[in-house]
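Here's the structure we're looking at; comments come further down.
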Amino acid sequence: MAQVTLNKVVKKFDQTEAVRGIDLDIADQEFVVLVGPSGCGKSTTLRMIAGLEETTAGEIMIGGQIVNDLPPKDRDIAMVFQNYALYPHMTVFENMSFGLRLKKFPKAEIKQRVERAARILDITELLERRPRQLSGGQRQRVAMGRAIVRNPKVFLFDEPLSNLDAKLRVQMRTEIKKVHQQVRTTTVYVTHDQVEAMTLADRVVVMNGGRIEQIGTPHELYHAPKTRFVAGFIGSPTMNFIPCRLVEVTGALGVQLAEGLTLPVPSERDPAYRPYAGRALVLGIRPEHITETRAYAAGAEFAMSVDVVEPMGMETIVYFMVDGTEVCARVTPEAALAPGKRMRFLADMRHMHLIDPQSERVIDVPGATRVHGTARVPAA
Amino acid sequence: MSETIPRRLVTPTPAETSGALKGSLYRLSRRRSTTAFLFALPLLSVVGGLIVYPALYAIYLSLLNRTQTKFIGFGNYAFLFTRDTFWAVVEQSCIFALTAVILKALVGIVTAHLVNNLPAKGQRKWRGMLLIPWVIPLSLSTLGWFWLLDPTYSAFNWLFAQIAGPRIPWLSEPNWARFCTILVNVWYGAPFFLIMYLAALKSVPEQLYEAAAIDGASAWQKFLHITLPMMRNVIAITVLFSLIVTFANYDIVRVLTSGGPRNTTHIFATWAFQLGIASGDIPLGASVSLFMFPILGVSAIFILRGVRRRGREV
């Protein structure tokens, strides 16, 4: 049980900088997910915490102790690899007990610990098998078992689900969450899948180009992204980004998307946006906040001709063009019109974001996360 | 089998289309197994002509008397069992082959590790240089060694003399002579192990070592618990292969010592040559050479059985 602290951590491979100065505080028992596109430095960061890569600069602390110069075996961590990295010549039991046997634990305790972990993961009947005789999901369980038996300070997961098929991935995701709720070990989890990040994490760290874009609860990242990158990375289908101009119409602010299409800005956002009046900005709004007109919902109504229709079953994705930009809306299946037809849409502007195209940052609106519901509080 | 295979595998020849040849010979020629057999025929004839026939002929010869005029059954074998030199050759062959193979394997695994840990840039150069002993024709390089170890002009003894060391009777004292034949064999054969082990080392996934490092394994424990088990099959096969080649070695002993002093360095092949060709008792030479067969056969069965079993495990 321990907290993990990264202090201005830098990693350079020859000339390229993979990680460019990262500060991160992970609380004891917290489940933190590092997420980002490939090459963003998330795996490198994890491997530095594990001690498999040396840090070029900065310091890493586990449980209050600086571990920069400690080899992996002395850091008291356990890691689950993307391709499981099970020892193919050992049985499941031997795989799971390898670390304990190296540390010369008494036989009885090894047996007891392995059996306990096997019970948690439901792999008791597989203990005598070899990795080759297991399915992908079972191997993943064994790899987690190998981590659990050691009872380490920190669990590290390096894209553990990317080798599984979609159905199994969802199942194992729940499994990992369940295990964490039982074992309560500080966990750092790396993935490129934003759904995994959102569902598993107490806090998500979004990385891009070797830097941290934003750290926050899944709720914060979804409702109050700080940069255009985070806004676009989290959520599927991705947020619409529409070039616009912030204009003043008879005292109130409005977002002018095209000639004759101006959507009003909610009055509570007025103070935050007022300094940007008259400037060219980018409107960010999620597809679920553009719907068909609904009698019970307020918002800005406008009409557009439908471009493409994608029925998904419980909802239908409708695309239309605004001044050369494709915009995506999520409507109920009955409301969707055929392509070419003119359809009336409703934009819920309480969920709008304005992005400064120069800095790529979302203009800060105090209290934006509390639009609907309350923010999830990190467990700790 | 052939019934389930699509019948049309080749475009019909003019002879087929004309329907001139519709007999059983034609059907036979269209079977896939027939084609495979025809393709394998050149190799089969080489194996038959150069291996099977000489082996059978050697067995036949070993059952004749010295002048090859009379069938004497197992007389030659019975005679060999009564000869001290024969038992000395058996002993020397085993010592030579086992020591040389074990040393080659050790040298190979150590150098493979060293080369594997070199920076990638210079690695190819080192690998190439270390392979040189293996690519020089063995009888020529052994001749080079002969000059280094020569009783009168030995370069090693000259070097030792510079530092007031002793003069060593490299090839004229039995144990030193045995040592020298093994030394040259190790020098010649270790690169084969090096290249096989290097390939095997590179095929062990890096993540296993990372997982082991996190599990708390030291460098030696990684070698013991990851590298060795992952390489078991390669080690078994190279050892078997090398055991066969080393056991059947001829060049080194022939060039370096000719079996001397006093037959103490003779191994099966050189002694068989000595008896059969040099002394003119071809049936006796054939009987000696046939002794290699059961010894190698038994060790091959044991090692390959281990390989198959592990093949199922991993």
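The values are calculated or read from the model by the stated rules, or taken from the named source; none is laboratory data. Given the structure is predicted, the values throughout are model-derived calculations rather than measurements. Ideal geometry is used to build each Cβ from the backbone, glycine not excepted, and the neighbour counts take in all protein chains shown.
Here are the numbers:
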read-out	value
Checklist (1) within 12 Å of chain A (Cβ to nearest Cβ); (2) surrounded by 22 or more Cβ atoms within 10 Å (Cβ to Cβ); (3) of a type in the set (F, W, Y) applied to B:Y209, failing item	(2)
Conditions (1) loosely packed, with under 14 Cβ neighbours inside 10 Å; (2) among the aliphatic types (A, V, I, L, M); (3) touching a residue at least 60 places away in the same chain (Cβ under 8 Å); number of the one not met by B:A88	(1)
Positions within the range B:117-149 being surrounded by 15 or more Cβ atoms within 10 Å (Cβ to Cβ) and not basic (K, R), in sequence order	B:L130, B:P133, B:W134, B:L138, B:S141, B:T142, B:W145, B:F146, B:L148, B:L149
Which listed residue, of B:T264, B:T257, is buried (at least 19 other Cβ atoms within 10 Å of the Cβ) and at pLDDT below 90	B:T257
Residues located in the range A:101-159, provided they are in a helix (DSSP H, G or I), within 13 Å of chain B (Cβ to nearest Cβ) and among the basic types (K, R)	A:R101, A:R132, A:R139, A:R146
Qualifying residue in the range A:77-86 (condition: among the small types (G, A, S) and assigned to a strand (DSSP E or B))	yes
Within the range B:118-149, considering residues that are in contact with a helix residue (DSSP H, G or I) (Cβ under 9 Å, 6 or more places away or on another chain) and not in a helix (DSSP H, G or I), the one farthest from B:W187 (Cα to Cα)	B:L118
Single unsatisfied condition, A:K153 versus (1) modelled with pLDDT of 90 or more; (2) more than 27 Å from the chain's Cα centre (by Cα)	(2)
Single match in A:L164, A:L121, A:L168, A:L127 (criterion: farther than 24 Å from A:A50 by Cβ and either at pLDDT below 90 or outside the structural domain of A:M198 (by TED's automatic domain parsing) (or both))	A:L168
Matching entry among A:A335, A:A329, A:A347 (being under 25 Å from A:R294 (Cα atoms) and modelled with pLDDT under 90)	A:A335
Pick from the range A:52-76, criterion closer than 21 Å to A:N151 by Cβ and in a loop (DSSP other than H, G, I, E, B), ranking: farthest from the other protein chains (Cβ to nearest Cβ)	A:G64
Neighbours by Cβ (under 7 Å, 6+ apart or cross-chain): first from the range B:205-228, within 23 Å of A:F155 (Cβ to Cβ); second surrounded by fewer than 14 Cβ atoms within 10 Å (Cβ to Cβ) and aromatic (F, W, Y)	none
Residue list for the range B:207-217, filter: over 13 Å from A:A143 (Cα atoms) and within 35 Å of the chain's Cα centre (by Cα)	B:Y209
Entirely in the range B:1-49, the helices (runs of 4 or more DSSP H) that have 3 or more residues that are aromatic (F, W, Y) and at pLDDT 80 or above	none
Residue in the range A:55-105 that is nearest to B:P229 (Cα to Cα), counting only those that are under 29 Å from the mean Cα position of the chain (by Cα) and aromatic (F, W, Y)	A:Y84
Neighbours by Cβ (under 9 Å, 6+ apart or cross-chain): first from the range A:81-94, within 7 Å of chain B (Cβ to nearest Cβ); second assigned to a loop (DSSP other than H, G, I, E, B) and buried (at least 18 other Cβ atoms within 10 Å of the Cβ)	A:F81/A:E159; A:F81/A:P160; A:P88/A:R130; A:H89/A:R130
Any hit, the range B:75-85, residues being more than 27 Å from B:I295 (Cβ to Cβ), out of contact with any His (no Cβ under 6 Å at 6 or more places or on another chain) and of a type in the set (F, W, Y)	no
Selection count where residues are among the aromatic types (F, W, Y), under 15 Å from the mean Cα position of the chain (by Cα) and surrounded by 15 or more Cβ atoms within 10 Å (Cβ to Cβ), scope the range B:267-308	1
Qualifying position, being within 29 Å of the chain's Cα centre (by Cα), at pLDDT 90 or above, closer than 21 Å to A:V249 by Cα and not in a loop (DSSP other than H, G, I, E, B), among A:L281, A:L263	A:L281
Members of the range B:23-55 found to be of a type outside the set (A, V, I, L, M, F, W, C), surrounded by fewer than 10 Cβ atoms within 10 Å (Cβ to Cβ) and either touching a helix residue (DSSP H, G or I) at 6+ places or on another chain (Cβ under 8 Å) or over 30 Å from B:A286 (Cβ atoms) (or both), listed by number	B:G23, B:S24
Positions within the range A:119-135 being of a type outside the set (D, E, K, R) and either touching a Lys or Arg at 6+ places or on another chain (Cβ under 6 Å) or touching a residue at least 40 places away in the same chain (Cβ under 8 Å) (or both), in sequence order	A:I120, A:L121, A:I123, A:P131, A:L134
Test: A:A108 is touching a strand residue (DSSP E or B) at 6+ places or on another chain (Cβ under 8 Å), in the same structural domain as A:D165 (by TED's automatic domain parsing), surrounded by fewer than 20 Cβ atoms within 10 Å (Cβ to Cβ) and of a type in the set (G, A, S)	no
Residue within the range B:251-265 that is within 23 Å of B:M196 (Cβ to Cβ) and part of a helix (DSSP H, G or I) present	yes
Residues of the range A:12-54 satisfying the condition of being within 24 Å of the chain's Cα centre (by Cα) and of a type in the set (V, I, T)	A:V19, A:I22, A:I26, A:V32, A:V33, A:V35, A:T44, A:T45, A:I49
Which numbered condition B:N157 fails, given (1) free of Cβ contacts under 8 Å to residues at least 60 places away in the same chain; (2) over 28 Å from B:Y250 (Cβ atoms)	(2)
Flag if B:R167 is surrounded by 18 or more Cβ atoms within 10 Å (Cβ to Cβ) and more than 14 Å from chain A (Cβ to nearest Cβ)	no
Residue match in the range B:243-251 (condition: within 14 Å of chain A (Cβ to nearest Cβ) and among the hydroxyl-bearing types (S, T, Y))	no
Residue in the range A:214-236 that is touching a residue at least 24 places away in the same chain (Cβ under 8 Å), in a helix (DSSP H, G or I) and farther than 29 Å from A:V318 by Cβ present	no
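To keep it simple, each residue is scored yes or no on (1) of a type in the set (G, A, S); (2) closer than 19 Å to A:A85 by Cβ.
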site: A:R150; (1), (2): no, yes
site: A:E159; (1), (2): no, yes
site: A:S162; (1), (2): yes, yes
site: A:K167; (1), (2): no, no
site: A:Q181; (1), (2): no, no
site: A:R184; (1), (2): no, no
site: A:T187; (1), (2): no, yes
site: A:V190; (1), (2): no, yes
site: A:Q194; (1), (2): no, no
